[in-house]
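One structure is given below, encoded as structure tokens.
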Amino acid sequence: MIPMVEIKLLKQVDLSKCTFIEGFPGAGLVGPMAISYIISKLSMEYIGYVDSELLPPLVSIHNDMPLPPVRLYYSKEHKIAALFAETSPNKEASIYHIADTIHKFIEENKFSMTISLSGIPVEKPDDSVVFGIVSVPKLSKVLDGADIKKIGEGVATGISACLIMRAAIEEESDINLLVQVNPEVIDPKYAEMAIEKINKILGIDIDVSELDKEAKEVEARIRDLLQKSKEAPHDIDSPQPQGPSMYA
Amino acid sequence: MIPMVEIKLLKQVDLSKCTFIEGFPGAGLVGPMAISYIISKLSMEYIGYVDSELLPPLVSIHNDMPLPPVRLYYSKEHKIAALFAETSPNKEASIYHIADTIHKFIEENKFSMTISLSGIPVEKPDDSVVFGIVSVPKLSKVLDGADIKKIGEGVATGISACLIMRAAIEEESDINLLVQVNPEVIDPKYAEMAIEKINKILGIDIDVSELDKEAKEVEARIRDLLQKSKEAPHDIDSPQPQGPSMYA
Amino acid sequence: MIPMVEIKLLKQVDLSKCTFIEGFPGAGLVGPMAISYIISKLSMEYIGYVDSELLPPLVSIHNDMPLPPVRLYYSKEHKIAALFAETSPNKEASIYHIADTIHKFIEENKFSMTISLSGIPVEKPDDSVVFGIVSVPKLSKVLDGADIKKIGEGVATGISACLIMRAAIEEESDINLLVQVNPEVIDPKYAEMAIEKINKILGIDIDVSELDKEAKEVEARIRDLLQKSKEAPHDIDSPQPQGPSMYA
Amino acid sequence: MIPMVEIKLLKQVDLSKCTFIEGFPGAGLVGPMAISYIISKLSMEYIGYVDSELLPPLVSIHNDMPLPPVRLYYSKEHKIAALFAETSPNKEASIYHIADTIHKFIEENKFSMTISLSGIPVEKPDDSVVFGIVSVPKLSKVLDGADIKKIGEGVATGISACLIMRAAIEEESDINLLVQVNPEVIDPKYAEMAIEKINKILGIDIDVSELDKEAKEVEARIRDLLQKSKEAPHDIDSPQPQGPSMYA
Amino acid sequence: MIPMVEIKLLKQVDLSKCTFIEGFPGAGLVGPMAISYIISKLSMEYIGYVDSELLPPLVSIHNDMPLPPVRLYYSKEHKIAALFAETSPNKEASIYHIADTIHKFIEENKFSMTISLSGIPVEKPDDSVVFGIVSVPKLSKVLDGADIKKIGEGVATGISACLIMRAAIEEESDINLLVQVNPEVIDPKYAEMAIEKINKILGIDIDVSELDKEAKEVEARIRDLLQKSKEAPHDIDSPQPQGPSMYA
């Protein structure tokens, strides 16, 4: 009863002591928008992808190239690997198994820390504050140093939540960054808030001034992917038109 | 066709001759509310959790820490281990397999007795009486001594029911405590009634005077977890926003 | 793809040459009501149960004891084993596998005959006649001797049907007794009619005069069990209140 | 992921060079009505059945005997084996696996030819013509000789279609006979048309003059079986009344 | 958890350095209509088929022969193999596994290139342009040479998309050709546009002047197959009439 989920590397790189950043599509698309921008700004290299029967059969076309919808990027200089996800698993048990595979990948490659990015849907987002959860007490001072407000009591769901839970159990370092978002609106501000905190946590300096421009493109593709996810034959429907959309 | 269900221990402790207390979320949230309070009052230690693809992919954040939603706590002094569950399995066969795993854990660790806590939904609850079921006749006098009214004829369902059935078959000691509840209302009184009976059964003295205050917090988190369970992608839905709630 | 279904014996008894009586809940609850009464009148001993992930996770509380909902009882004196079922499997393939397991149990234990009890739902039941199906031609004279009207042409479904089909294939002895019932009404008369025919077939003398009284209790429990079956989380629903009912 | 499907023989017979005739319930019930009549007229012997978790848990009672709903009959004299099916599998993948099992059975027993019988639902059936499909070109002259109109272009579905496709791939002999039917009407004429063509193909002489009379009985039982198929617990329903119907 | 999907060859041919053309039914039926015509014009030979429990149990009757609905054709002269699909898998995970099987077949047989044909549903199709996606940068000049407009950014789904994604990962040659179509209309023009581009890419000269005539027939059969797919018993329905349609 173990489904097919694998992180496949296109080249061998030394990921030990790197930071692993991930954020599957969720409220406000915080994770994908921020990670896409980070990849671009740090000129990260595409080094792998998630191969799984649990993901919708979607392909992303980017810079003329067809790409798996969940991809791993790497910056040797900044010692960061980022998982850019343009789609999400559709079933509960899929989340369990995909998170399990990612967590094992993080452990086997001896990453030093994981940072997950999500949105918290609220009616009136407060853009002056970013929230955080940490897997081990010693990371609390990292939150403090980056002016991130700790969530002391609450509930989380999804892949980021499963990852930080496993990290907590294994006493590994994991920070979940959470931006309040209006779920009706996709605003580059959300990604900006997340990236500014990553800058502080990692002591790097990703310039967010061009986020506004690039975010539109990312948003368009991800919205389209999520739309295709819905249209894709999920279960027992009759054959459906399949094919690409484009933003030429 | 055996799904993944495991009770994972974070540390080795000697559980032999301990009492095992459990109560998954059900009518009136009797089990989780009472067990949460007991854990707090007896300063029980977090020693393990249930890892299973059969549970919703939820994480509880408590005292700044991300935690699995079904956790095992331990008090060496009182020789009690308590399974605190903030979520429930969603399928019939899942209940079978989770109960089977818990029962094997109880047997392998040579617990001396199991106490399960549930609510009986009724329109007008009678708060002067707590009902009980026992796995073996010799426990009847324990019910009598604690002024618990025996259920002689009836029907039960869920994990507690499966556990006491297996205990009865193996002639192990198991008591199900049942509090009448108004399913529309969450009332700390329910947990209080259960704890008072546990005090009598185990000859301990858990002070219930602060239950009122603490219960509110527990209720909030569990309500939120159950809500997230409903919202979590159960089967074939399109990707959904995922992320934490908080009670900052 | 073989699901977990097992008949577990609590003690070793010699079942060879015994009669096996069964009747899962169906129209008019004929089987459970008659079998419950027979168990009581013949002071049969509880010797085993069906353990299966294919049955709803229900537990029956009877005489202060939690019991599996499908149980095997035994009378050494009368050389009868009776399977008392307070619930039914919910899926087609489950019926296949449960019937297969019961049939193998009957063969391995060298029972001499099987008698199944069911109701035929009709608008205006004729209570002057009981119908029968036999697995082998030589049993026709048994029907004649007991004044049971043979069903020459027809269709049957469920566990009893699967058992007699397998018995017919293996040339084993199996009689299905069928009482016409008004599916809207639970009437002890139905069970009485079945038991009177069992008396004649087996040459025993179960007094049916107290059936009226006992039947009410059985009916209440089984109705409640069936109700709980419906309420139990079948597939992908959100967590539900679980717990016992009672007839104190 | 291979489900349980087996053709079980009740006795060993030499089926090599026999003709295999089949026709599961479909539009107009052409297959079951014709095959039932052929079995009766040729005094064919019941020699086996399909045992499968993929079929509804139904039992047919015929001539006082409980019988599997999909049975194999044999006439040594005419060198014919006929699969009489009173029910159908309910799922797509079931059709794949049942057809696969039947095809392997035909190959392993070295049948010389397969003849399948189906109805084509049309608004105004033309009863002057029977259509045919053949698995290999050399059978075209058989169609011509029997005055059967070839279907040159079209689409077929179901077990017969899967069988002739596999026969075509393996260059084995298979003829699908197709009678136009009004799907609202069950008319013995349909079976008569099919049998007359079988007479010509096999050079035998089954007298169809009594078909009218016998067809009514067969129709009644199959209609009832199909009805029970619908009523049988398919998936996640609550326990349902189970039991026989009868045509006493 | 690996389902049955296999590409079965009816004869051994040397496919190395051949071009693999595929196009499952989708918007505008571009793939099946173009491939059917190519097979006819190049007198391609039927050499294999996809055998899978994941496809609807349909059979195509063509030139008097029953054929699997997904077939492989071969032209030794033109060094082309084409997969003609008259039906599609119904589930997400099926697409994953079927694409995986096709991709392995392409690799194992050392094809030199894959060309996939699809439609892009739009409201007002522009018939002056064909779009393309390539798996490796060096194929861009092939697109340019054939006057095909590259899709630089976008999203694709279905088998073609999964194939080009895998080709991109393995640095194999794959071109997806995409014709804008009005999803409400089946127009031979769509197939014509695709074939003209194939002519240019492969340096061959398939005459499209008869496409108009042949397309009608193909369209009729595929529409019927898709209709039958919908009618075929998908999951838990009651038995349904099965049988052929025809275009005599």
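The values are calculated or read from the model by the stated rules, or taken from the named source; none is laboratory data. Quantities reported herein were computed from a predicted structural model and do not represent experimental measurements. Cβ sites come from the backbone with ideal geometry, for glycine too, and all protein chains shown count toward neighbours. Surface areas here come from the heavy atoms of the whole protein model, side chains and all, with no ligands, DNA or RNA. Shrake-Rupley method; radii C 1.70, N 1.55, O 1.52, S 1.80 Å.
Remarks
- Share of carbon and sulfur in the accessible heavy-atom surface of chain D [1.4 Å probe, %]: 46 percent
- Scattering curve values for region C:3-120, log₁₀ I(q)/I(0), Debye with Cα scatterers, q = 0.11, 0.15, 0.20 Å⁻¹: -0.32, -0.63, -1.18
- Point-to-point label distance, C:Lys124-A:Glu210, nm (Cα→Cβ direction, 7 Å offset): 8.9 nm
- Within-12-Å neighbourhood charge of C:Val70 [Cβ basis; K, R +1; D, E -1]: -2
- Shape category assigned to chain E from the gyration tensor of Cα positions, a/c cut at 1.5: rounded
- Global geometry of region B:145-196, whether rounded, prolate or oblate, following the gyration tensor of its Cα atoms and the 1.5 cut on a/c: prolate
- Highest average packing first - C:134-145, E:151-162, Cβ atoms within 10 Å: E:151-162, C:134-145
- In this structure the amide hydrogen of E:Tyr74, modeled in the peptide plane, comes within under 5 Å of the amide hydrogens of E:Glu45, E:Tyr46, E:Ile47, E:Ala82, none closer than 5 places in sequence on its chain.
- Sequence-distant residues sharing a close amide H with A:Glu86 (under 5 Å, placed H): A:Val70, A:Arg71
- Cα gyration tensor, region D:53-97 - rounded (a/c under 1.5), prolate or oblate: oblate
- Each residue of region E:126-143 is assigned a 3J(HN,Hα), and the resulting list reads 9, 8, 9, 9, 10, 9, x, 10, 10, 7, 9, x, 5, 7, 4, 5, 5, 4 Hz, derived from the Karplus form 6.51 cos²θ - 1.76 cosθ + 1.60 (θ = phi - 60°), x at Gly and Pro.
- Here is how far apart the B:Glu77 label points are across copies: 5.8, 5.8, 9.3, 9.3 nm, shortest first, using a point 7 Å from Cα toward Cβ.
- For A:Val122, inter-copy label distances in nm, listed shortest first [label point 7 Å out on the Cα-Cβ vector]: 4.3, 4.3, 7.0, 7.0
- Dividing the summed -39500 (n - 2.57) terms of all DSSP H runs of n ≥ 4 by the residue count of chain E sets its mean residue ellipticity at 222 nm at -11000 deg cm²/dmol.
- For chain C, averaging the sequence separation of C-alpha pairs within contact (under 8 Å, six or more residues apart) and dividing by the residue count gives a relative contact order of 24 percent.
- q = 0.11, 0.12, 0.14, 0.15 Å⁻¹, region E:102-178: log10 I(q)/I(0) [Debye, one scatterer per Cα]: -0.28, -0.33, -0.44, -0.51
- Sites matching GluC sites (Glu not before Pro) across region E:13-99 that sit in DSSP coil, with at most 13 neighbouring C-beta atoms within 10 Å: E:Glu77
- Each copy carries a label point for A:Leu10 at 7 Å from Cα along the beta-carbon vector; from one copy to the others these points are 4.0, 4.0, 6.4, 6.4 nm apart, nearest first.
- When chain C is treated as a GNM with alpha-carbon contacts under 10 Å, the residue of C:Gln12, C:Gln180, C:Gln227 showing the greatest mean-square fluctuation is C:Gln12.
- Extending 7 Å from Cα along the Cβ direction at C:Gln227 and again at E:Leu9 yields two label points whose distance is 6.7 nm.
- Direction-averaged projected area, Cα convex hull, the protein assembly as shown: 49.8 nm², rounded to one decimal.
- Along principal axes, Cα extents of region E:61-135, largest first, whole Å: 38, 32, 30
- Pairs beyond 30 Å (Cα-Cα), from A:Lys11/E:Lys8; C:Lys91/E:Lys91; E:Lys8/E:Lys79: A:Lys11/E:Lys8
- Derived scalar couplings between HN and Hα for region A:144-156 equal 4, x, 9, 6, 9, 8, 6, 8, x, 9, x, 9, 9 Hz in order, rounded to whole Hz, by the Karplus curve 6.51 cos²θ - 1.76 cosθ + 1.60 (θ = phi - 60°), x for Gly and Pro.
- Computed over region C:149-232, the range of Cα coordinates on each principal axis works out to 38, 37, 20 Å, biggest value leading.
- Note on C:107-120: average number of Cβ atoms from other chains within 10 Å of each residue's Cβ is 1.
- Distance in nm between pseudo-label sites at A:Glu170 and D:Asn182 (7 Å out along the Cβ direction from Cα): 7.1 nm
- Cβ neighbours within 10 Å from other chains - mean over E:27-40: 1
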